[in-house]
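Chemist: There's a structure below that I have some questions on.
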Amino acid sequence: MTVHRVLLILVLWASFGICGCTKQLAPMSGGPNQGPVPPGSGGNPNPAIAKTLDFLAGIYVDPFSTAIRDDYFNGNAQPFGTRNDSFGTLTTLVNPAVGLVPPGLEALLAPPIGPRDQHTGRVNRDTRIADFENSGFPGIISNTYDCVDPLNPDDIAKLYRNNGDGTFTEILNPFRDHNGQPITIQGRGETIVVADFNNDGFLDIFIPYYTYKSADPDPEGPPGAICQNSTQSYLLLNDGTGHFTDVADAAGVSLRNLQETVEGAQALDLNNDGLIDLCAGSHLFINTGITNGIPHFVDMGLKLGLPSVFEEGVKFVDAYNDGYLDLVLLDPNKGPALFRLEGATTLSKPGAIIQLGTARFAQQLTAFPGDIYRNTFGLNAYDINGDGLEDVITTGGDTCDPKIFLNAGNGFERVSPQVRPFTLDAAHDPQKAFCQANGAMAFADLNNDGQIDVLSSTFDTVLAFINNSKPRGSFFVVEVLGSNGEHNQQGRVVKMSPQSRPDVIFTRVVDSGSGYLSQNQYPLLISSPYSEQHEVTISLPQIFNSNRLTNIVFTISPGQKARVFAPSITNPNGRVEIVPVRPFTFDPALYPAAQGILE
Ligand SMILES: [Ca+2]
Ligand SMILES: [Ca+2]
Ligand SMILES: [Ca+2]
Ligand SMILES: [Ca+2]
C-alpha cells in the first residue's frame with residue numbers, strides 16, 4: 001500500500017443514465033412548501049422521482065476507509081482524512097502540498113508491513129470516528145487486518161483523542177480485560193461498530209476478528225509459518241476517560257472459534273426497546289438487559305429465521321416503509337438477499353416495542369434481480385433517488401461492476417443502464433480505484449443540497465460522487481443527540497410518516513458503522529415523495545431512570561432539520577429544536593472537480 005505517494009487526483013466527469021441531464025433537470029412536482037398531497041395508490045404521489053441517476057465524481061488521496069463525520073463542526077460532512085469546502089469538493093489532508101496529516105495521527109500512516117521478523121508496519125483496516133469522551137470533538141478507533149504478531153507495536157487497534165485544535169493524541173494502553181489488565185487487540189479485524197450498548201451515555205466499541213483455527217500461511221512470515229488469528233472479538237465498554245474494558249465473553253458476543261468469518265456488522269435497536277442490539281458474523285444478538293453495567297445478548301438469528309451464511313455486508317433497511325427493519329445480507333458470490341421482518345406485532349404504531357417472539361425474517365427470493373457477483377465485498381444502503389425508499393449499493397468485486405439497486409417498494413431494480421461513474425471499466429481507471437473498493441460505499445450529503453452523495457474508498461483513495469439526479473422528493477434532516485447534544489445515539493431508530501399517510505413509515509437508523517467497513521454521516525437525511533408536514537417518532541431510553549422509554553413525537557416540514565435531544569432528568573420527555581436547513585441549490589458548475597480544477 002502506498003500512502004505517501006504524490007497526490008493523484010481528479011478526473012472526472014458528469015454522467016447519466018437513460019435520459020440526458022436536461023430532461024432530468026425538470027422540477028419535481030410539488031415544492032417543499034406546497035400543501036398536502038392526497039394519498040395515492042402505491043404510496044408514492046410523485047412517481048416522476050428520478051429512476052435514472054446522475055453523478056459528478058472526483059478522486060482524492062485518502063488512506064482510510066470511508067468514515068464520515070463533520071470533524072470540523074462547520075456543517076460539512078467529509079470522509080476522514082479530507083476536508084470539505086461545503087460545495088462537495090474535498091481537500092485531502094495527506095497531500096504535503098496542501099496540508100499535513102493531522103498531528104498525532106502519523107502512526108496511522110505507518111509504512112507497509114515488513115517481514116514478520118521485523119515486527120514493523122501497520123495494515124489499516126476499518127476506522128470509526130466517534131466522540132468517545134462526549135467532548136464535542138470526535139476521536140478515532142482504527143483496527144488492522146493482519147496475522148497476530150505480539151511483537152509489533154503498530155499493527156494493533158489504536159485509539160485517538162481529538163484535542164479539539166486539529167491535533168490528535170494516541171491513548172496508550174486504552175484497552176483492558178475484565179480484570180483491569182491491559183490488552184493488545186490485533187488480528188484480522190473487520191467492521192467496527194460504535195454504540196452505547198450499556199446506556200451509560202458513553203459510546204462503546206465492538207470490533208469483530210477472525211477467530212477460526214487458522215491453517216492459512218502467513219504471507220509475511222518465514223516458510224511454513226501460520227497466520228494466527230485472534231482468539232475472540234471484543235466488546236469494549238467505555239468509562240468515559242479513555243479506558244475501555246472488554247466484556248465480550250460476559251456479554252455473549254466474543255464469537256470465539258467462529259468458523260464463518262465475521263465481516264459486516266451493524267448496531268441498532270431492532271426491537272425498539274431502548275437497548276442497542278448487534279448483528280455480526282451471522283448472529284443477531286438481541287440485547288436482553290444490562291446488569292452491573294454489562295449488556296447481555298442472546299443470539300436470536302436462527303430463531304428469527306436468519307440463515308447462518310458467509311456475508312460481506314449486513315444492513316438493516318425498512319425495505320417496504322412499513323415501520324419494520326428488514327435485513328439485507330450480501331453473499332460475495334451470489335449478491336444481496338433481502339430478509340423481511342414479518343409478524344413482529346399487530347401494532348404498526350411507531351414507538352411500540354416490537355415483539356420478536358412472534359417475528360420471523362422471511363427471505364424474499366425475488367427481491368433482487370439475478371446478476372453476476374465475484375468476490376463482491378461491500379454493501380450499503382441509503383435513499384439515493386430521494387423517493388423515501390432506501391436503495392442498495394454493492395461494490396464492484398472482481399468483475400469491476402458496482403451495482404445500484406433502486407427500491408421500487410416491492411423489490412429492487414438495478415439502475416439500467418448503470419450510471420457512468422459506476423461503470424468505469426478498469427482500462428479507463430488509472431487507479432482501478434472503483435473496482436478495488438475496500439469496504440462498502442458510504443453516504444453523506446457533501447454539498448448540503450438535501451440529496452445524499454456517495455463515497456467509495458480503497459485504502460489510499462476515496463471517490464466522491466456528488467448526486468445530481470433530478471427530480472427528487474422533499475427532504476428532512478433528523479439528528480438524534482444525547483441530552484447535552486452529544487453525538488452518542490448511534491443505533492437509535494427514527495420513524496417518520498407523512499401526516500396524510502400514517503401507514504407510510506420511513507424507518508432510519510443513526511449509523512453505528514454498518515454494511516461493510518463503512519460509516520455514513522451522523523445526521524439522518526430522510527427524503528419523502530410527500531411535500532407536506534411529517535410526523536416523527538423516536539423511542540429513547542431514560543438512562544437515568546431504569547431505561548424507561550420516552551417516545552418523542554413531533555412534526556417537521558420539508559427543508560427543516562430537527563435536533564432531537566435525549567431525555568434527561570430536567571427534560572424527561574426529551575427536547576426538539578427545529579431549524580431550517582441552509583437553503584442551497586447545487587449548481588454543477590460550482591463543483592470544481594467536475595471542471596478539472598484540482599486540489
Ligand atoms: Ca456505554
Ligand atoms: Ca433492542
Ligand atoms: Ca429510493
Ligand atoms: Ca448532496
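Chemist: Can you flag which of Lys403/Lys561; Lys334/Lys470; Lys495/Lys561; Lys470/Lys495 are past 21 Å Cα-Cα?
Modeler: Listed pairs above 21 Å: Lys403/Lys561; Lys334/Lys470; Lys470/Lys495.
Chemist: Extent of the stretch 184-252 along each principal axis, from alpha carbon coordinates, in Å, largest to smallest?
Modeler: 48, 23, 17
Chemist: On to the next question. Taking the inverse of the average 1/r across all pairs of different Cα atoms in the stretch 114-194, what Kirkwood radius in Å do you get?
Modeler: 13.6 Å
Chemist: Taking the highest mean first, how do the peptides 562-570, 448-456 order by number of other beta carbon atoms within 10 angstrom per residue?
Modeler: Going by the mean number of other Cβ atoms within 10 Å, highest first, we get 448-456, 562-570.
Chemist: On to the next question. Per the Kirkwood definition applied to all pairs of different Cα atoms, how many angstroms is the hydrodynamic radius of the stretch 359-410?
Modeler: 12.3 Å
Chemist: Next question, about the same structure. In nm, give the distance between the simple-model label positions of Gln499 and Thr555, each being 7 Å from the Cα along the Cα-to-Cβ direction.
Modeler: 0.2 nm
Just so you know, all these numbers are worked out from the coordinates, no wet-lab data involved. This one's a predicted model, so the numbers in the text were calculated from it and none came from an experiment. Cβ sites come from the backbone with ideal geometry, for glycine too, and all protein chains shown count toward neighbours.
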